[in-house]
Amino acid sequence: MTRAAASARGLFRATGKAAHPVLTGIADGVGVYDDAPARETDDFYPTPPEPTRALLAAERARLRDFGTVWEPAAGDGAMVREMQAVGLTVAASDLVDRGCGAVIRSFYHYGRAEAPARALVTNPPFKECNTGDWIRHAMGVLALDYMALLLPMGWPAAASRAGLWAEFTPARMYLMRWRVDFTGKGAPPMVNAWFVWDRAHEGPCHMLMMDKADARQGQLFGGGACER
């Protein structure tokens, strides 16, 4: 721990306030934080409504091109409910039963003919996206037509994922201009983005901006392109 971090810890102890995690480095494109809490079992972090609503404001017209949208890490159904609220039909599955009526089955146990939809939207297990396993299964084995994943903004920055990015380049990246509080404990350390793979897209990945006020999404998009 640096001297500055140690001083900050002492100050928080003296005032009785909880210390916020301090960024100490970057590993695999994701921030490493001092005093960061241990990750939840199965990487389960319920998604607050704002990220899903913002994505739907941007991508709902495209999602309606598919009869059904698949949520394969449905958890407690947080994202399923948001998609259903805008009239989308959702097929929910998960590795663990968390009470939302999802089919209990590993994402990796689905083959191409068994996938319940050609479009997928989820907040996936980060560690499986860091290894590339999730993306390779979805876009390679299942050959999905569309996939939107909620990931840390720095996810593509790791040199180890250069080949994965080149092979499966997203169509769009929506950078969130707010920090998503997955734990409900305040002071979220990460900036997140939606990464969208879409076989109907041609050309490089376009970087767009996304605001927490989802009703204003049409006014807020802008930006250039992410070249391979």
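Select from region 140-153 the residues that are surrounded by fewer than 17 Cβ atoms within 10 Å (Cβ to Cβ) and either free of Cβ contacts under 8 Å to residues at least 60 places away in the same chain or among the small types (Gly, Ala, Ser) (or both) and list them in ascending order.
Here is the first cut: in region 140-153, the residues surrounded by fewer than 17 Cβ atoms within 10 Å (Cβ to Cβ) are 140-141, 143, 145.
Residues satisfying the conditions are GLY140, VAL141, ALA143.
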Apart from one, (1) crowded, with 19+ Cβ neighbours inside 10 Å; (2) under 18 Å from TRP197 (Cα atoms); (3) not small (Gly, Ala, Ser) all hold for PRO116; the odd one out is (1)
Subset tally (residues that are of a type in the set (D, E, K, R) and either outside the structural domain of ASN123 (by TED's automatic domain parsing) or more than 17 Å from the chain's Cα centre (by Cα) (or both)) for region 152-187: 2
Which listed residue, of ALA91, ALA73, is surrounded by 20 or more Cβ atoms within 10 Å (Cβ to Cβ) and not polar (S, T, N, Q): ALA73
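Yes/no matrix, rows are residues, columns are (1) over 23 Å from PRO51 (Cα atoms); (2) part of a loop (DSSP other than H, G, I, E, B):
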| site | (1), (2) |
| --- | --- |
| TYR108 | yes, no |
| GLY111 | yes, yes |
| GLU114 | yes, yes |
| TRP134 | no, no |
| HIS137 | yes, no |
If you go through region 82-97 one residue at a time, how many are within 21 Å of LEU55 (Cβ to Cβ) and either hydrophobic (A, V, I, L, M, F, W, C) or not in a strand (DSSP E or B) (or both)? 11
Any chance LEU175 is at pLDDT 95 or above, surrounded by fewer than 15 Cβ atoms within 10 Å (Cβ to Cβ) and closer than 18 Å to HIS206 by Cβ: yes
Pairs returned, first residue in region 71-85 that is in the same structural domain as GLU59 (by TED's automatic domain parsing) and closer than 22 Å to TYR110 by Cα, second residue that is among the small types (Gly, Ala, Ser) and outside any helix (DSSP H, G or I), beta-carbon separation under 6 angstrom, 6 or more apart or interchain, are GLU71/ALA92; PRO72/SER93; ALA74/ALA92; ALA74/ALA102; VAL80/ALA74; VAL80/ALA92
ALA78 is checked against (1) surrounded by fewer than 17 Cβ atoms within 10 Å (Cβ to Cβ); (2) under 15 Å from the mean Cα position of the chain (by Cα) and fails just one. What number does that condition carry? (1)
Conditions (1) touching a helix residue (DSSP H, G or I) at 6+ places or on another chain (Cβ under 8 Å); (2) in contact (Cβ under 8 Å) with a residue 24 or more places away in the chain -> VAL90 fails only (2)
When TRP178 is evaluated against the numbered criteria (1) under 28 Å from PHE66 (Cα atoms); (2) in contact with a Lys or Arg (Cβ under 7 Å, 6 or more places away or on another chain), which criterion, by number, is the only one it fails? (1)
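The values are calculated or read from the model by the stated rules, or taken from the named source; none is laboratory data. Keep in mind that this is a model prediction, so the values were computed, not measured. Glycine also receives a Cβ, built like all others from the backbone with ideal geometry; neighbour counts cover every protein chain displayed.
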